[in-house]
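Input: a single structure, listed below in structure tokens.
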Amino acid sequence: MPLDKKIRELQEKREKILLGGGEKAIEKQKAMGKRTARERILTLLDKGSFNEYDLFVEHTARDFDMQTKSLPSDGVVIGTGTIYDAPVAIYAQDFTVAGGSLGLMHSRKITKIMDHALKMRIPLIGINDSGGARIQEGVDSLAGYGEIFFRNTLSSGVIPQLSVILGPCAGGAVYSPALTDFVFVVENISKMFITGPEVIKTVLGEEISMEDLGGAWVHSETTGNAHFYAESEDQCFEQIKKLISFIPWSNENKARPFEPAEPLKDFNIDDIVPDDARLPYDVRDVIKAVVDSSDFFEIHKNWARNMVIGFGRIDGNTVGFVANQPIEMAGVLDVDSSDKAARFIRYCDAFNIPIITFVDLPGYLPGVDQEHAGVIRHGAKVLYAYSEATVPKITVIIRKAYGGGYIAMGSRHLRADFVFAWPGAEIAVMGPEGAANIIFRREIAAADDPDKMRKQKVEEYKAKFSNPYVAASRGYVDSVIEPSETRKLLIHAVSVSDNKSVFLPKKKHGIPPF
Ligand code: HXC
């Protein structure tokens, strides 16, 4: 056959496969507000950068008449491309082909691109849109998931792994996203659950809609399974691109530097924190007052809001922020906020990203609910994560740093490299009211006017302990600084830490309080 005929034959084969599950299935996909798998990849990646592999792969199933069915590309698209010129490996499940269900060859395609990403040390992006294990392929489907989970774990901390939930992600399938670093969800499109509403109704007799069980908002606000929430696929893709711009390609690189830029004038650091320590403020304004272009990329925005985490740039270099949020529950540490901070600290540590901590908290949240929910175990994760992290650690104590909260939030004792405190910082075992009530109990009770005496003792305690100077006199705080000096000192601290080199004792791995 002449070459031009062979080329035409190739083109025709390609065109047929690129139709996926066919026009009807594509129409159904569009009616749900969803793009097709290939459209999603082409929208997300740099124009013209995508190369698809394994287009011609077919399933090998023979039971249930499967030999009579063709499943183009076996319901998943894999390939490589770039985002803002950064190389990425990507797969996207094609719901138009057998509901994007995962059979043997489908899983082999995914593991092939996962292996490639790990070998090439480039980020992996997985777009999930699937009815789960392909029922007709039985144990081969389960094996496929196991192979994916194993590789997710192997790649953890080596290359960034992003999971994008753009359709159903049901049953055991949810555990791949759960093993990856960042999960993205989209309103009305993402559905994530172990057992669906029908099973719940049959087994437990409870009625719940798919949206209320495992919709985008549920995972963004309630479970914390999702790190990024978007209202549309387009918004979601913008979030992915932005994240890729902040993180390095692998644990062997640093994030790419950007052109340095001053914060916007709208965020005046001297005006953010109220003089009265009982009044709240939004700690994100403090972060925006110190980062380049006031561009703070928040992660887990809707979950455990008493803790703020995310990326920004200091003089062009990516840093991770961990900050108590005084406008939510006074910024206390509790079960969820501990989990949120600890995991992010480990992410930054694995990927060579310096950690900047802003401290303002009354301590760990007291109460039976928290104790019984395991605040001891979860709270310990923060101590573990900070202690273990060897990236540059810079801590700024803005206001309250009481008790266990003082120690946990990146203190010198967990090996912060720089600890700065603002002049309004209160570093003590507990808040002045509680402390005075305990240590001056007898004097207060015996006084003619107990209230007056209490106030006097609170003031006495504040004058003695609720300031940064005791900690500074011991060297636990390196410098007491004016708020307006913060950015300059952070730039300096990050730049002089560039060559930081510390080693932990040799071990296979630690046993963190998972
Ligand atoms: C084979 C499947 C499938 C599956 C969907 N399809 N899920 N085929 N195996 N798991 C097929 C359908 O038969 C249909 O084929 C096409 O995909 C589209 O599905 P619809 O049901 O028409 O779509 P929709 O109404 O949008 O509903 C989507 C859905 C539903 C909610 C995901 O299909 C569903 O409940 N599927 C089963 C989910 C599930 O229980 N999966 C197994 C989980 S257990 P046709 O030919 O009609 O177009 C699991 C174990 C993994 O995953 C364990 C790993 C550790």
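Computed from the coordinates by the stated procedures, all read-outs in this text should not be read as laboratory data. This is a predicted model, so every value here is computed, not measured. Cβ placement follows ideal geometry from the backbone for every residue including glycine, while neighbour counts extend to all protein chains displayed.
Structure data summary
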quantity: Label point distance in nm, Ala31-Thr390, each placed 7 Å from Cα along Cα→Cβ; calculated: 5.7 nm
quantity: Span from the the stretch 179-232 Cα centroid across to the the stretch 40-58 one, whole angstrom; calculated: 28 Å
quantity: C-alpha long axis of helix 233-246 to longest principal axis of the chain, angle in °; calculated: 60 degrees
quantity: Percentage relative contact order, the stretch 34-105, counting C-alpha pairs under 8 Å, at least six apart; calculated: 35 percent
quantity: Rounded to 5, percent antiparallel among DSSP beta bridges of the stretch 1-133; calculated: 70 percent
quantity: Antiparallel DSSP beta bridges within the chain, as percent of all bridges there, nearest 5; calculated: 35 percent
quantity: Label point distance in nm, Asn51-Arg8, each placed 7 Å from Cα along Cα→Cβ; calculated: 2.8 nm
quantity: Kirkwood-type radius of the chain, with distances r between different C-alpha atoms, in Å; calculated: 25.1 Å
quantity: Relative contact order [Cα under 8 Å, 6+ residues apart], the stretch 195-279, whole percent; calculated: 11 percent
quantity: Order of Met120, Met32, Met329, Met105 under a 10 Å beta carbon neighbour criterion, fewest first; calculated: Met32, Met120, Met329, Met105
quantity: The chain, relative contact order [Cα under 8 Å, separation at least 6], %; calculated: 8 percent
quantity: Simple label model, 7 Å out from Cα along Cβ direction - Glu39 to Leu142, nm; calculated: 3.7 nm
quantity: Cα long-axis angle, helix 375-388 against the chain (0 to 90 degrees, to the nearest 10); calculated: 90 degrees
quantity: For the stretch 50-145, with +1 on Lys and Arg beta carbons and -1 on Asp and Glu, the positive-most of Gly99, Phe56, Gly79 along the dipole; calculated: Gly79
quantity: Anisotropy class of the stretch 150-196 from Cα gyration tensor, a/c 1.5 cut; calculated: oblate
quantity: Cα long-axis angle, helix 450-465 against the chain (0 to 90 degrees, to the nearest 10); calculated: 70 degrees
